[in-house]
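The values are calculated or read from the model by the stated rules, or taken from the named source; none is laboratory data. All values reported here derive from a predicted model rather than from experimental measurement. Every residue, glycine as well, gets a Cβ built from its backbone with ideal geometry; the counts of neighbours run over all protein chains shown. SASA here: full protein model, heavy atoms, side chains in, ligands and nucleic acids out. Shrake-Rupley method; radii C 1.70, N 1.55, O 1.52, S 1.80 Å.
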Amino acid sequence: NSKSSNNRFLALKILSDILIQLFRPASESIDGELKQVQALTLQVIDQLLPQYKNILKDQDTITQYGLKLLNTLVEIDSSLVTQMQKYGVTVHLMEYFQAKHLANSLHTVKLVRAVASEAAPPDFALLRQLCQHSLVPSLNALLKHGYKTGKEWFYTPLLEIVRMLLLAAAGYSENEEGVSVPVKVSPIAARSLVEAGEELSELVSLLMELVLLGTGQAHKSRRPSIIQIGFSPSRPGTKTGPDSSLNPHTSAVVRRLSSEVLGLLVSMYKSCQPTMLLQANLARLAMGLAYATRQVGRRGHGPGGSVLEEDARVQAELVGAAWEVVSTDAKRAQALSNYVSKNPALMKALQETAQKGKAAGSATQKKAAALVQAIGRKVPTSGRRPSSSRIRF
């Protein structure tokens, strides 16, 4: 209640330091004096959350620190999301979930991800509430803005939100082990989530670019027109220096999430499929698939086993997305065939995947082989590695 912004900031900082040190997740078993401390800490948080409407409307430094504190507390115990909802903090949070808002930060993005992850079937109430407060337009804008400005640390939490939304629209939810399982979704929720997800279809070209993150082949354009008129990245093949400041594992996670979201969009929304067949995107598909297949083929000699697992998933998702595009439309299969006749790199990547796909699972190998045959080519016999000199068109 102090009229001095400096005093308000100092009070919030002191309270933050105390809470972060003392707060423990509800699932943690504690007793004795620690139990009393936890009870007192929860009382303080209960009194603090109703004040968050004022904290989020305060000066930028106070708002940003308040978001940082709230994100830290939610990371310790995600059950606080329910209380955020109770006191209307979620609605105010979405005001800052915008590309060019001064108070938007990684803390804001992580908080929105935490809220989305607490949305439960069959109604997915929290997720639908976020959608009602411009979640999808903000996701589109933030991903494009992050790409344009090089804010790569935004990619993972943003893509996780997109993935959660699309999975819910498709009738799936993640269990505690992170495995997607089918769930019952109410008709009203399904309809609203599917409609919201369709707005994400404009991300296809950006996702194809992010599939190349950390491979040495991603290219960034700083032209303002990218954000103004939609995503139209630079021509594949143009090297503009290092393509990622992220560590190898984080880059691999972004590639995997991008390919998973791409696969969901292509399978759920037929309007996304023609975009996949743009020459620039087919070139990215060739590079992404070739890199993933090469990494998977290394069988443990890469920078880490977890990185190889991520690339195996990328391989499977890219093959699945390409198969989804051509398997139900003969004209699209012909368009892809015409492309590979002039650009053998994609066919080489598909043929190598058909040969080596066992590293990522037989389903990937079989689907790659079926894709090769669908566009009128042959899968090389085992033991012979395809090369551009052997491929005839």
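Kindly rank 248-259, 271-282 from highest to lowest mean number of other beta carbons found within 10 Å of each residue. Walk me through the intermediate numbers first.
Values: 248-259: 23.2, 271-282: 18.1.
Descending mean neighbour count gives 248-259, 271-282.
If you wrap the Cα atoms of the range 74-138 in a convex hull and average its projected area over all directions, you get 4.3 nm². Taking amide H positions as modeled 1.01 Å from N, with prolines and chain starts lacking one, the residues under 5 Å from residue 172 and 5 or more places away or on another chain are 183. Counting only C-alpha contacts under 8 Å and six or more residues apart, can you give the relative contact order of the range 1-109 as a whole percent? RCO, the range 1-109: 27 percent.
Solvent-accessible area assigned to carbon and sulfur over the range 1-109 amounts to 53 percent, based on a 1.4 Å probe. Annotation: peptides 149-159, 178-188, ranked by per-residue average of other Cβ atoms within 10 Å with the highest first, follow the order 149-159, 178-188. The phi torsions of the range 197-210, fed into the Karplus equation with coefficients 6.51, -1.76 and 1.60 and a -60° offset, translate into couplings of x, 4, 5, 7, 4, 6, 8, 3, 5, 5, 4, 4, 6, 5 Hz, rounded to whole numbers, with Gly and Pro shown as x. Rolling a 1.4 angstrom probe over the protein heavy atoms with all chains in place gives the range 1-109 an accessible area of 57 Å² per residue. Semi-axes of the equivalent ellipsoid for the range 1-109, computed as √(5λ) from the eigenvalues of its C-alpha gyration tensor and ordered from largest down, come to 25, 16, 12 Å. Length available on full extension from residue 366 to residue 174: 0.36 nm per residue minus the Cα-Cα distance, which gives 66.4 nm.
With 18 Å as the limit, write out which pairs from 68/144; 100/151; 13/86; 68/148; 68/110; 53/86 have Cα-Cα distances beyond it, or answer none. Could you put the intermediate results ahead of the total?
Details: 68/144 24 Å; 100/151 12 Å; 13/86 24 Å; 68/148 24 Å; 68/110 10 Å; 53/86 12 Å.
Going by Cα-Cα distance, 68/144; 13/86; 68/148 fall outside the 18 Å limit.
When Rg and the Kirkwood radius Rh are both evaluated on Cα atoms of the range 138-184, their ratio Rg/Rh stands at 1.10.
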